[in-house]
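**Q** The structure follows.
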Amino acid sequence: MDTLTRMRAFIDVVEAEGFSAAARKIGRSKALLSKYVRELEDELGALLLNRTTRQFSLTEAGHTYYRRASEIVREIDSLADSVRESSGDVRGRIKLSAPRTLADAPIGQSLVDFAKAHPDIVLEIRLDDRFVDLVEEGFDLAIRISRLESSSLIARKLAPFRVMICGSPELLAAHGRPARPQDLAGMPCIVDTNGRWLSNWPFKGEGGETISVSVAGPIEVNSPIAARAAAVSGLGFAGLPDFIAEPEVAAGRLVPVLEDRILEGGGIFAVYPHRRYLPAKVRVFVDYLADWFKTRAAP
């Protein structure tokens with residue numbers, strides 16, 4: 001049995017958070033995976049996992065080995081992918097981190113369409129609204145919807161994105177239309193606790209500088225879909241992703257305000273770590289998404 005096979009077994013167990021879950025995921029027996037990990041520990045002369053009858057945890061050596069082994073395996077797979085790509089054979093598994101907002105919105109169809117177009121690639125989607133550590137947690141790439149800040153990751157912009165401040169017609173009739181961002185401080189607002197702003201909403205100031213307005217209201221919720229529903233019900237103004245707000249705006253149930261004071265530069269990005277070889281399956285996926293968004297943005 002070669003070291004690479006044992007290494008893969010160890011990574012599978014760690015990422016599945018258990019031998020039984022890993023066995024179900026990859027279609028091998030729990031006993032075989034346990035044997036591989038035990039042989040790996042014997043080969044290294046170090047304990048990688050602390051085991052009990054119900055759970056396990058990584059030792060300090062296990063943490064170090066998992067991080068480096070994951071990088072090595074990804075490099076090996078990427079090299080194999082690049083060779084397969086030259087022969088037109090792209091296959092494998094993509095581990096993707098994406099926000100729940102993406103999957104819940106119509107643009108989430110892009111992931112379904114990719115899976116249908118590429119049946120030889122398994123798309124493992126983990127929906128999480130936090131910014132995961134791609135390298136530490138073993139992700140191939142992530143989709144992020146935000147104004148992208150500088151980082152060590154490679155980013156490709158898939159589509160533009162902006163926030164829309166919206167209220168229902170009934171809300172505007174009762175409280176008036178805000179003329180400047182600061183007016184929102186005295187009006188009911190819906191706080192999306194899942195967003196990066198929380199209750200401090202950023203805007204473009206009179207001179208183009210970034211200003212922050214502290215808002216409050218009758219409801220705080222960690223979902224833009226729920227925040228949209230609250231806004232449609234007239235509970236307050238909401239800051240919503242444009243692709244979440246637009247259907248309700250088109251239907252007349254929400255009205256955008258302060259459009260000239262919204263910060264620019266946001267986007268939907270595919271981000272992935274720097275690597276010597278970018279896996280062909282990842283390149284195919286990112287290219288597909290870029291084309292998908294471009295096609296739907298065309299008039």
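**Q** Mind jotting down the distance between the C-alpha centroids of segment 188-241 and segment 87-165, whole Å?
**A** Rounded to whole Å, the Cα centres lie 25 Å apart.
**Q** Can you run phi through the Karplus equation (6.51, -1.76, 1.60; θ = phi - 60°) for segment 223-234 and list ³J(HN,Hα) in whole Hz, with x for Gly and Pro?
**A** Ordered by residue, 3J(HN,Hα) equals 7, x, 5, 5, 5, 5, 4, 5, 5, 4, 6, x Hz.
**Q** In addition: Can you give the % of DSSP beta bridges in the chain that are antiparallel, to the nearest 5?
**A** For the chain, the DSSP antiparallel bridge percentage is about 65.
**Q** Another one. Just the projected area, averaged over all directions, of the convex hull on the alpha carbon atoms of segment 163-256: how many nm²?
**A** Directional mean of the projected Cα hull area for segment 163-256 stands at 5.4 nm².
**Q** If you don't mind, there's one more thing I want to ask. What are the residues whose amide H is under 5 Å from the amide H of VAL122, where those residues sit 5 or more places off or on another chain and H is modelled from the backbone?
**A** Correct list: GLY92, ARG93, ILE94.
**Q** Report, in debye and to the nearest 20, how large the dipole of segment 110-214 comes out about its Cα centre when Lys and Arg carry +1 and Asp and Glu carry -1 on their Cβ.
**A** Numbers: 12 positive and 15 negative charges, 96 e Å.
I would put it at about 460 debye.
**Q** For TRP292, TRP197, what's the largest-to-smallest order of accessible area, 1.4 Å probe?
**A** Largest to smallest exposure gives the sequence TRP197, TRP292.
**Q** With every protein chain present, what accessible area does LYS204 have (1.4 Å probe, heavy atoms only), rounded to the nearest 10 Å²?
**A** Estimated to the nearest 10 Å², LYS204 gives 60 Å².
**Q** Let me ask something else. Each residue of segment 55-66 in turn: what ³J(HN,Hα) in whole Hz from Karplus with 6.51, -1.76, 1.60 and θ = phi - 60°, glycine and Pro shown as x?
**A** Karplus values, whole Hz, x for Gly and Pro: 7, 9, 9, 6, 6, 4, 5, x, 4, 5, 5, 4.
**Q** Using only DSSP helix segments of four residues or longer, with each worth -39500 (n - 2.57), what per-residue ellipticity at 222 nm results for the chain after dividing by its residue count and rounding to 500?
**A** Values: 10 runs with 121 residues, N = 299.
That comes out to -12500 deg cm²/dmol.
**Q** Something else: Charges on Cβ only, +1 for Lys and Arg, -1 for Asp and Glu, centred on the Cα centroid of the chain; of GLY18, THR193, GLN182, which one is farthest towards the dipole's positive end?
**A** GLY18
**Q** Turning to a different aspect of this structure: Which three extents, in angstrom, do the Cα atoms of the chain have along their principal axes, listed largest first?
**A** Reported extents, whole Å, longest axis first: 73, 46, 34.
**Q** Return a whole-number percent for the relative contact order of segment 163-256, with Cα pairs under 8 Å and 6 or more residues apart as the contact set.
**A** Computed value for segment 163-256: 41 percent relative contact order.
**Q** Now for a separate question. In debye to the nearest 20, how big a dipole does the chain give about its Cα centre with +1 on each Lys and Arg Cβ and -1 on each Asp and Glu Cβ? Present the calculation step by step, with values, prior to reporting the outcome.
**A** Numbers: 39 positive and 40 negative charges, 109 e Å.
Charge dipole, the chain, about its Cα centre: 520 debye, nearest 20.
**Q** Of VAL163, ILE121, SER70, whose Cα points farthest to the positive end of the dipole of the chain (charges on the beta-carbon: +1 Lys, Arg; -1 Asp, Glu; origin at the Cα centre)?
**A** Selected residue: ILE121.
**Q** Return the Rg/Rh value of segment 17-77, two decimal places, where both radii are evaluated on C-alpha atoms and Rh is the Kirkwood radius.
**A** On the way: Rg = 12.0 Å, Rh = 12.5 Å.
We get a ratio of 0.96 for segment 17-77.
**Q** If you add up the charges near VAL232, with Lys and Arg at +1 and Asp and Glu at -1, over every other residue whose beta carbon is less than 9 angstrom from its beta carbon, what do you get?
**A** Values: positive: ARG228, ARG253; negative: GLU248.
Here the charged neighbours net out to +1.
The values are calculated or read from the model by the stated rules, or taken from the named source; none is laboratory data. The model shown is predicted, which means the values in this text are computed figures rather than measured ones. Note that we place each Cβ from the backbone using ideal geometry, even for glycine, and neighbour counts take in every protein chain shown. Only protein heavy atoms, including side chains, enter the accessible area calculation; ligands, DNA and RNA are left aside. Shrake-Rupley method; radii C 1.70, N 1.55, O 1.52, S 1.80 Å.
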